[in-house]
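Enquirer: Just dropping this structure here.
The values are calculated or read from the model by the stated rules, or taken from the named source; none is laboratory data. If you're wondering where the values come from, they're calculated on a predicted model, not measured in any experiment. Note: ideal-geometry Cβ built from the backbone for every residue, glycine included; neighbour counts use all protein chains shown. Surface areas here come from the heavy atoms of the whole protein model, side chains and all, with no ligands, DNA or RNA. Shrake-Rupley method; radii C 1.70, N 1.55, O 1.52, S 1.80 Å.
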Amino acid sequence: MTTVTLEFADNLAIIDINNPPINATSHAVRSGVMDALASIRQNPAVTAIILCCTGTTFIAGADISEFNQPARAPLLPDVIIALEDMPVPVIAALHGTVLGGGLEVALGCHYRIAHPATRLGFPEVNLGLIPGAGGTVRTPRLIGVENAISLISNGKPITASIALDWGLIDHITKSDTNLQQAAIEYARKVATQPCPTPLAKRNIPDTKQPDWDSLIAKTAQKARGATAPIIAVETIRDQFALSADQALANERQQFVTLREGEQSQALRHIFMAERNVAKLPTTQGVTPTPIKTIGIVGGGLMGAGIATACLLAGYQTIMIERDEAALAKGRENVASHLQGSLKRGIISQERNDQLLSQLHGNTDYAALAPAELVIEAVFEDLEVKKSVFDAVARVVDSTAIIASNTSYLDINALAHSISNPERVIGLHFFSPAHIMKLLEVVCTDGANPQTLATALAFARKLGKIAVPTGVCDGFIGNRIMSAYRKQCEYMIEDGAYPEQIDAAMTDFGFPMGLFAMQDMAGLEISWKTRQRQAATRDPNERYVALGDYLCEQGRFGRKTGLGWFRYDTAKSAPQPDPDVKRLIEQESARKGIKRRDFSPSEIIQTILATMQQEGDKILNEGVAHTADAIDVVMINGYGFPRWRGGPMFMKTKSPVSS
Ligand code: T1G
């Protein structure tokens, strides 16, 4: 397959890039475009050039897999300069997701037209990078500094209509017209006009500069330790003192430095890990069972969230509850979640109403008959779940998949409580289930590849990051969290305080410390877990009862105004509580522990080492099939800072600087 083709139609030249899956600007693409431009220069009849792509999207970025190898000429900046130096106008015909290097290529063209559904952006900061092919120089010259900073430092794409408003593109085609045909018509129109001045040769239109110091301070606060967003703003700022050529050179230098840096290597690691973690040898070549209708048993917090996720993914969804009142509450929960998506502009009012019409509630399990997949999201009790499994198995097809949303119960036991246990799987959603990307797909000992492949395909359709895991207490994420929570409670008894542990974690890049997070979730959850495990707990294992004492005093966390911390109002920040300090010190004394100081570095090293040790056990037991799976879970479900790559990735790097 030829990666770049050139054809001449009348007095137009059409360059088409075909480099699936995302038309990344690989070396073959860059060379092919340069060769096409050289050929066009030999043809004086050409009055305009169209640059387009075959497949689902215009160029969606540089080829990340090339970043770990020496760059090979022609480099992307050279291709872009060759585009803007053409003697006739180049029209970029945009569709899909025009991202990173793709948008930079489009900015090297003289005009940009786009399909209405096109999204455009600079996601480089999500990879620990900044645009490295002129994006920080050409964008402000086209749309002004403010919008350029927003686009480049946030890393979030914008719609074609916003891009048109901002002047990033020149025209939006009609959704039912052929994009290339529209580009040909547009080219014929502009071919008679003088070529616009290339962006790199224009001045920045802004006469007033932002307050850079406060902008950089705000960016740094939001970045929580990531450096690329700050470098992006600084690179845009610095060009006010430079010529365009100097600014391009400065940008390239900053980009190369970031590309070689640990943060970008970590972010590129997790980007690829998230896309590879669900590729299992056992499901390669297995065609997932088609699924149209999902059953959800339970309309509470999790059930309604899962039902909302299914509706948003386009499934017919049947919700079962025990009685009409509970069903009405479940429907109300789903409607409220969809309202949230409506408010965030994710769906239109029309789509909201259509989705609600696809939600079918019932109190009779027989209504589940058409479902190819049923997920139970009822009370976390094995006997309750077994009775639900039994009731579901009686009404659905014998090949229908029955899944449990349990976060720690033994799914093997559930599987063996019904016929055809090979169709049982765990789908551990994270609350709020319609928003959190992570989904642990828990493979029972007897699940067959068909069940697993279908569950993974379902997760992808929901837009989730699916991580396959085996059965153990807590699967991957909760198991690792239990391990480091235990170590943190040991440190509390040995001399640290909750606020010190939490500060060390937030300084490391966690959005919230462990104790504040427990207060937010409710201390009774881990209290119940400890009670459940009490009978089988190793009597010789050190046990910290502080969490039990707090619960026995009714201190369940934020919801009661008191937990590990004190909360003056429902929204106020956690405050250290002298009563808890006293309780801790009394417990240490009762146990004869001589309290000592803990540095932030020792705290975070202890937490990280515990995560890595538990991760090694999880790998050795085959619960996770790769170390990447553990990083993906800890980053997407437990707040591990993304720009550090995950606990197992960090094991391969230099010791952490706190
Ligand atoms: N490089 C290489 N492979 C990539 C890739 C990339 N940039 N992006 C995606 N893939 C692969 C991915 O691994 C998967 O492979 C397949 O494509 C589909 O991906 C010079 C320096 C475009 C919105 O950051 O956001 O340009 O599993 O599952 O859900 O200044 O991919 O099929 O083997 O995500 O439809 C900037 C990153 C790069 C865009 C499509 N661009 N990609 O989403 O598919 S840096 C990005 C995405 C840069 C310039 C700078 C998404 C997508 P496989 P997918 P999707």
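Enquirer: Take the residues in the stretch 37-56 that are on the phi < 0 side of the Ramachandran plot and under 32 Å from the mean Cα position of the chain (by Cα), then tell me which one is nearest to the ligand (Cβ to nearest atom). Reasoning before the result, please.
Expert: Of the residues in the stretch 37-56, the ones on the phi < 0 side of the Ramachandran plot are 37-54, 56.
If we keep only those that are under 32 Å from the mean Cα position of the chain (by Cα) as well, we get 51-54, 56.
Numbers: LEU51: 16, CYS52: 17, CYS53: 12, THR54: 15, THR56: 7 Å.
Going through the qualifying residues, I end up with THR56.
Enquirer: While we're on this one: Being basic (Lys, Arg) and touching a residue at least 40 places away in the same chain (Cβ under 8 Å) is the filter here, so list the residues in the stretch 246-296 that pass it. Break it down into steps so the answer makes sense when it comes.
Expert: Our first condition is that a residue be basic (Lys, Arg); within the stretch 246-296, this holds for 252, 259, 268, 275, 279, 292.
Result: ARG252, ARG259, ARG268, LYS292.
Enquirer: Residues in the stretch 15-27: is at least one open to solvent by 60 Å² or more (accessible area, probe 1.4 Å) and in contact with a helix residue (DSSP H, G or I) (Cβ under 9 Å, 6 or more places away or on another chain)? Walk me through how you get there before you give the answer.
Expert: Step one: list which residues in the stretch 15-27 are open to solvent by 60 Å² or more (accessible area, probe 1.4 Å), which gives 20-22.
From what is left, the residues that are in contact with a helix residue (DSSP H, G or I) (Cβ under 9 Å, 6 or more places away or on another chain) are 22.
Scanning the stretch 15-27, I find at least one residue that is open to solvent by 60 Å² or more (accessible area, probe 1.4 Å) and in contact with a helix residue (DSSP H, G or I) (Cβ under 9 Å, 6 or more places away or on another chain), so the answer is yes.
Enquirer: Test of understanding: among ASP410, ASP397, which residue is farther than 14 Å from VAL297 by Cα, open to solvent by 30 Å² or more (accessible area, probe 1.4 Å), among the acidic types (Asp, Glu) and under 31 Å from the mean Cα position of the chain (by Cα)?
Expert: Details: ASP397 fails: under 31 Å from the mean Cα position of the chain (by Cα).
Exactly one residue qualifies, and that residue is ASP410.
Enquirer: Whether any residue in the stretch 377-400 is under 18 Å from GLY305 (Cα atoms), assigned to a strand (DSSP E or B) and assigned by TED's automatic domain parsing to the domain that holds ALA433 is what I want to check. Quick ask: steps written out before the conclusion?
Expert: Step one: list which residues in the stretch 377-400 are under 18 Å from GLY305 (Cα atoms), which gives 377-380.
If we keep only those that are assigned to a strand (DSSP E or B) as well, we get none.
No.
Enquirer: Please tell me if ALA496 is hydrophobic (A, V, I, L, M, F, W, C), outside any strand (DSSP E or B) and closer than 24 Å to ILE270 by Cβ. I'd like the intermediate steps shown before the answer.
Expert: Working: hydrophobic (A, V, I, L, M, F, W, C): yes; outside any strand (DSSP E or B): yes; closer than 24 Å to ILE270 by Cβ: no.
Answer is no for this residue.
Enquirer: Here's a follow-up. Considering only the stretch 207-310, give the helices (runs of 4 or more DSSP H) lying wholly within it that have at least 1 residues that are more than 20 Å from the chain's Cα centre (by Cα) and either acidic (Asp, Glu) or not assigned by TED's automatic domain parsing to the domain that holds SER341 (or both). Outline the logic, then answer.
Expert: Working: elements: 212-223, 228-238, 244-260, 262-276.
Counting at least 1 such residues, we get 212-223, 228-238, 244-260.
This table checks each residue for (1) farther than 17 Å from ILE291 by Cβ; (2) in contact with a strand residue (DSSP E or B) (Cβ under 9 Å, 6 or more places away or on another chain); (3) touching a residue at least 60 places away in the same chain (Cβ under 8 Å); (4) not aliphatic (A, V, I, L, M).
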| residue | (1), (2), (3), (4) |
| --- | --- |
| ASP397 | no, no, no, yes |
| THR406 | yes, yes, no, yes |
| ILE425 | no, yes, no, no |
| PHE430 | yes, yes, yes, yes |
| HIS434 | yes, no, yes, yes |
| LEU438 | yes, yes, yes, no |
| VAL441 | no, yes, yes, no |
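Enquirer: Going residue by residue through the stretch 299-308, is there one that turns out to be surrounded by fewer than 17 Cβ atoms within 10 Å (Cβ to Cβ) and either modelled with pLDDT under 95 or more than 16 Å from the ligand (Cβ to nearest atom) (or both)? Can you show your working first?
Expert: First, pick out the residues of the stretch 299-308 that are surrounded by fewer than 17 Cβ atoms within 10 Å (Cβ to Cβ): 300-301.
Okay, now just the ones that are also either modelled with pLDDT under 95 or more than 16 Å from the ligand (Cβ to nearest atom) (or both), so 300-301.
Yes, because at least one residue in the stretch 299-308 is surrounded by fewer than 17 Cβ atoms within 10 Å (Cβ to Cβ) and either modelled with pLDDT under 95 or more than 16 Å from the ligand (Cβ to nearest atom) (or both).
Enquirer: Residue under question is ILE204, and the condition is that it be in a loop (DSSP other than H, G, I, E, B) and either small (Gly, Ala, Ser) or open to solvent by less than 40 Å² (accessible area, probe 1.4 Å) (or both); does it hold? Spell out how you get there, then give the answer.
Expert: On the way: in a loop (DSSP other than H, G, I, E, B): yes; either small (Gly, Ala, Ser) or open to solvent by less than 40 Å² (accessible area, probe 1.4 Å) (or both): yes.
Here the answer is yes, as ILE204 does meet what is asked.
Enquirer: Might you check whether a residue that is in a loop (DSSP other than H, G, I, E, B) and more than 30 Å from ALA228 (Cα to Cα) occurs anywhere in the stretch 630-643? Walk me through how you get there before you give the answer.
Expert: First, the residues of the stretch 630-643 that are in a loop (DSSP other than H, G, I, E, B): 638-641.
Retained after the next criterion (residues that are more than 30 Å from ALA228 (Cα to Cα)): none.
No: the stretch 630-643 contains no residue that is in a loop (DSSP other than H, G, I, E, B) and more than 30 Å from ALA228 (Cα to Cα).
Enquirer: Also, quick follow-up: Has the stretch 473-491 got any residue that is in contact (Cβ under 8 Å) with a residue 60 or more places away in the chain, in the same structural domain as ARG566 (by TED's automatic domain parsing), among the acidic types (Asp, Glu) and farther than 18 Å from ALA629 by Cα?
Expert: Among the residues of the stretch 473-491, not one is in contact (Cβ under 8 Å) with a residue 60 or more places away in the chain, in the same structural domain as ARG566 (by TED's automatic domain parsing), among the acidic types (Asp, Glu) and farther than 18 Å from ALA629 by Cα, which makes the answer no.
Enquirer: Restricting to the stretch 416-458, count the residues that are of a type in the set (Gly, Ala, Ser) and crowded, with 24+ Cβ neighbours inside 10 Å. So that I can check it myself, show each step before the final result.
Expert: Just the residues of the stretch 416-458 that are of a type in the set (Gly, Ala, Ser), to begin with: 417, 419, 426, 431, 433, 446-447, 453, 455, 457.
Then keep just the ones that are crowded, with 24+ Cβ neighbours inside 10 Å; that gives 426, 433, 447, 455.
So the answer is 4.
Enquirer: It is to be established whether one or more residues within the stretch 510-520 are more than 17 Å from MET634 (Cα to Cα), open to solvent by 40 Å² or more (accessible area, probe 1.4 Å), assigned by TED's automatic domain parsing to the domain that holds GLN613 and without any contact (Cβ under 8 Å) to a residue 40 or more places away in the chain.
Expert: Checking the stretch 510-520: at least one residue is more than 17 Å from MET634 (Cα to Cα), open to solvent by 40 Å² or more (accessible area, probe 1.4 Å), assigned by TED's automatic domain parsing to the domain that holds GLN613 and without any contact (Cβ under 8 Å) to a residue 40 or more places away in the chain.
Conditions tested, residue by residue: (1) in a loop (DSSP other than H, G, I, E, B); (2) open to solvent by 70 Å² or more (accessible area, probe 1.4 Å); (3) out of contact with any His (no Cβ under 6 Å at 6 or more places or on another chain).
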| site | (1), (2), (3) |
| --- | --- |
| TRP527 | no, no, yes |
| ARG537 | yes, no, yes |
| VAL544 | yes, no, yes |
| ASP568 | yes, yes, yes |
| SER572 | yes, no, yes |
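Enquirer: Now for a different question. Within the stretch 21-39, does at least one residue satisfy the condition of being in contact with a Lys or Arg (Cβ under 8 Å, 6 or more places away or on another chain), touching a residue at least 40 places away in the same chain (Cβ under 8 Å) and in a helix (DSSP H, G or I)?
Expert: Step one: of the stretch 21-39, the residues in contact with a Lys or Arg (Cβ under 8 Å, 6 or more places away or on another chain) are 27.
Now restrict to residues that are touching a residue at least 40 places away in the same chain (Cβ under 8 Å): 27.
Keeping just the survivors that are in a helix (DSSP H, G or I) gives 27.
Yes, because at least one residue in the stretch 21-39 is in contact with a Lys or Arg (Cβ under 8 Å, 6 or more places away or on another chain), touching a residue at least 40 places away in the same chain (Cβ under 8 Å) and in a helix (DSSP H, G or I).
Enquirer: Report yes if some residue within the stretch 482-504 is buried (at least 24 other Cβ atoms within 10 Å of the Cβ) and of a type in the set (Lys, Arg); otherwise report no.
Expert: No: the stretch 482-504 contains no residue that is buried (at least 24 other Cβ atoms within 10 Å of the Cβ) and of a type in the set (Lys, Arg).
Enquirer: For ARG188, are the conditions met, namely being of a type in the set (Lys, Arg), part of a helix (DSSP H, G or I) and open to solvent by less than 30 Å² (accessible area, probe 1.4 Å)? Outline the logic, then answer.
Expert: Details: of a type in the set (Lys, Arg): yes; part of a helix (DSSP H, G or I): yes; open to solvent by less than 30 Å² (accessible area, probe 1.4 Å): no.
No: the conditions fail for ARG188.
Enquirer: I want to confirm something. Restricting to the stretch 108-131 and keeping residues that are in contact with an Asp or Glu (Cβ under 8 Å, 6 or more places away or on another chain) and open to solvent by 10 Å² or more (accessible area, probe 1.4 Å), which single residue is farthest from PRO89 (Cα to Cα)?
Expert: Among those that are in contact with an Asp or Glu (Cβ under 8 Å, 6 or more places away or on another chain) and open to solvent by 10 Å² or more (accessible area, probe 1.4 Å), it is TYR111.
Enquirer: Within the stretch 28-36, identify whether any single residue is under 23 Å from GLY135 (Cα atoms), open to solvent by 30 Å² or more (accessible area, probe 1.4 Å) and within 12 Å of the ligand (Cβ to nearest atom), and answer yes or no.
Expert: Scanning the stretch 28-36, I find no residue that is under 23 Å from GLY135 (Cα atoms), open to solvent by 30 Å² or more (accessible area, probe 1.4 Å) and within 12 Å of the ligand (Cβ to nearest atom), so the answer is no.
Enquirer: Please count how many residues of the stretch 240-285 are over 21 Å from ALA62 (Cβ atoms), crowded, with 20+ Cβ neighbours inside 10 Å and either among the β-branched types (Val, Ile, Thr) or away from the ligand (no atom under 13 Å from the Cβ) (or both). Walk me through it before giving the result.
Expert: First pass over the stretch 240-285, keeping only residues over 21 Å from ALA62 (Cβ atoms): 240-246, 277-285.
Within this subset, residues satisfying the condition of being crowded, with 20+ Cβ neighbours inside 10 Å are 277-278, 283.
If we keep only those that are either among the β-branched types (Val, Ile, Thr) or away from the ligand (no atom under 13 Å from the Cβ) (or both) as well, we get 277, 283.
So the count comes out to 2.
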